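Colleague: First the structure, then my questions, so here it is.
The values are calculated or read from the model by the stated rules, or taken from the named source; none is laboratory data. All values derive from a computational prediction rather than experimental measurement. Cβ: placed from backbone, ideal geometry, glycine included. Neighbour counts: every protein chain shown.
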Amino acid sequence: MPGSSFGEAFRITTAGESHGPGNVVIIDGCPPGLPLSTEDLVSDLGRRRPGQSRLVTQRKEADAPEILSGVFEGKTTGTPIAILVRNVDQRSRDYSDISDKYRPGHADKSFDDKYGFRDYRGGGRASARETVARVAAGAVAKKLLRTAFGGRVTGYVIQVGDVVATVDDPVAVTEAAVETLPDGEPNLVRCPDPLAAQKMVELIDAVRKDQDSVGGVAEICATGIPAGLGEPVFDKLKADLGKALFSLPAVLGVEYGIGFRGASLRGSENNDIFVPEGDRVVTETNRHGGILGGISTGMPIVLRAAVKPTSSLSREQRTVTRSGEVTTIQTKGRHDPCLLPRFVPMAEAMVALVLADHYVRWIGQSRTLGP
Ligand SMILES: Cc1cc2nc3c(=O)[nH]c(=O)nc-3n(C[C@H](O)[C@H](O)[C@H](O)COP(=O)(O)O)c2cc1C
């Protein structure tokens with residue numbers, strides 16, 4: 001009931017706050033025999049890490065994961081996997097003067113309304129710091145998908161403010177193109193269109209200088225996913241993926257396949273035509289985004305999430321105190337002027353967790369009885 005767990009068969013539970021001693025995830029239901037070490041976790045944790053570039057929050061965290069259980073002699077045992085990531089650079093004093101004020105766009109008032117008491121240090125449990133635990137679990141899920149059937153989940157930024165990237169084929173986007181620009185420099189915004197990436201960097205620099213922030217859109221593409229994952233009614237793959245992405249902080253909207261653009265098409269324009277390809281059936285186009293009837297079709301699963309402009313601003317904003325007195329607020333704590341670059345590994349993690357969950361459910365449930 002308290003909502004700190006996600007998934008059914010491959011199930012994660014997270015605990016931890018922005019400025020507590022650390023964040024922990026327990027993964028229950030990971031099949032035994034999966035080769036796993038902290039080496040498998042550090043790449044995605046590094047992509048999520050604060051302080052990775054000038055475009056993100058300058059909080060300095062090593063984000064070194066510790067696997068506490070569920071792995072023996074380099075392989076998962078089938079018992080719960082606990083992963084701890086300690087907080088190092090908490091700097092709680094940055095938040096002491098906002099303990100009594102509601103930051104616009106944040107969960108401060110919501111927590112007071114719900115609990116009557118809150119950990120105001122950096123947003124407590126509402127902080128995106130909590131996602132460090134999900135990204136660690138997502139790396140395990142990604143490894144399971146890769147090992148079981150060669151599945152991959154790749155996210156990237158397609159829009160920052162009014163700068164829109166051109167990405168013709170989501171399947172063709174490589175992790176290398178998301179992380180590195182053609183000239184070998186790091187791709188700070190994780191946009192695979194280099195020209196748009198440059199404009200996005202300039203826009204983020206400009207809004208930061210203006211003590212402001214900007215939002216955008218990330219796209220996530222899962223390839224190599226077998227047909228048949230997902231349940232027909234309440235646990236449709238699209239429903240679980242929607243919940244997964246909406247459970248991330250700052251998400252305003254989620255689309256899959258052609259998304260909202262499909263609403264203005266005719267059926268004859270929107271339908272994807274089935275065709276044989278070798279020993280399987282595929283579709284000529286992929287407007288359905290790899291899901292029909294809530295079940296994967298074997299085509300790439302393509303999703304997009306809109307993310308709001310960061311609420312924390314170093315410029316002055318009007319607000320009220322806990323007792324309702326009008327006042328002003330400036331965020332002195334460190335924050336991201338644009339959430340998108342660090343959102344990418346978080347979104348990948350949540351998509352991988354849903355797919356791993358439905359894969360484990362499929363193994364246990366959907367095979368036909370008989371000789
Ligand atoms: C990668 C990432 C980093 C974030 N960092 C900040 C931040 O520095 N400052 C901030 O105001 N919000 C930040 N957030 C968003 C808040 O956590 C979130 O907007 C807030 O808890 C309110 O929740 P809601 O927007 O989902 O309603 C971040 C979100 C993400 C995805």
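Colleague: Of the residues Ser43, Ser37, which single one is under 29 Å from Gly150 (Cβ atoms), assigned to a loop (DSSP other than H, G, I, E, B) and small (Gly, Ala, Ser)?
Modeller: On inspection, the qualifying residue turns out to be Ser37.
Colleague: Which of the residues belonging to segment 236-267 are free of Cβ contacts under 8 Å to residues at least 60 places away in the same chain, of a type in the set (Gly, Ala, Ser) and within 16 Å of the ligand (Cβ to nearest atom)?
Modeller: Within segment 236-267, Gly242, Gly253 qualify.
Colleague: Exactly one of (1) out of contact with any Pro (no Cβ under 7 Å at 6 or more places or on another chain); (2) among the acidic types (Asp, Glu); (3) under 19 Å from Ile258 (Cα atoms); (4) not in a helix (DSSP H, G or I) is unmet by Glu219. Its number?
Modeller: (1)
Colleague: Look at segment 25-64 and say how many of its residues are β-branched (Val, Ile, Thr), within 21 Å of Asp89 (Cβ to Cβ), in contact with a Pro (Cβ under 6 Å, 6 or more places away or on another chain) and at pLDDT 95 or above.
Modeller: 1
Colleague: Can you name the residue in segment 119-137 that is more than 10 Å from the ligand (Cβ to nearest atom) and outside any helix (DSSP H, G or I) and is also surrounded by the fewest Cβ atoms within 10 Å (Cβ to Cβ) among such residues?
Modeller: Asp119
Colleague: Could you say whether any residue in segment 268-278 is under 26 Å from Thr14 (Cβ atoms), assigned to a helix (DSSP H, G or I) and more than 15 Å from the ligand (Cβ to nearest atom)?
Modeller: No, that holds for no residue.
Colleague: Contact list please: Cβ distance under 9 Å, first residue in segment 287-310 and within 16 Å of the ligand (Cβ to nearest atom), second residue part of a strand (DSSP E or B) and among the hydroxyl-bearing types (Ser, Thr, Tyr), pairs at least six apart or on different chains.
Modeller: Note: pairs meeting the criteria are Leu303/Tyr256; Arg304/Tyr256.
Colleague: Exactly one condition in (1) of a type in the set (Val, Ile, Thr); (2) under 17 Å from the mean Cα position of the chain (by Cα); (3) more than 29 Å from Lys236 (Cα to Cα); (4) not in a helix (DSSP H, G or I) is not met by Thr14; state its number.
Modeller: (3)
Colleague: Select, from Val140, Val167, the only residue that is part of a helix (DSSP H, G or I), at pLDDT 95 or above and either within 16 Å of the ligand (Cβ to nearest atom) or not small (Gly, Ala, Ser) (or both).
Modeller: Selected residue: Val140, the only one of Val140, Val167 that is part of a helix (DSSP H, G or I), at pLDDT 95 or above and either within 16 Å of the ligand (Cβ to nearest atom) or not small (Gly, Ala, Ser) (or both).
Colleague: Could you go through segment 318-337 and let me know if any residue there is of a type in the set (D, E, K, R) and within 11 Å of the ligand (Cβ to nearest atom).
Modeller: The answer is yes; a qualifying residue exists.
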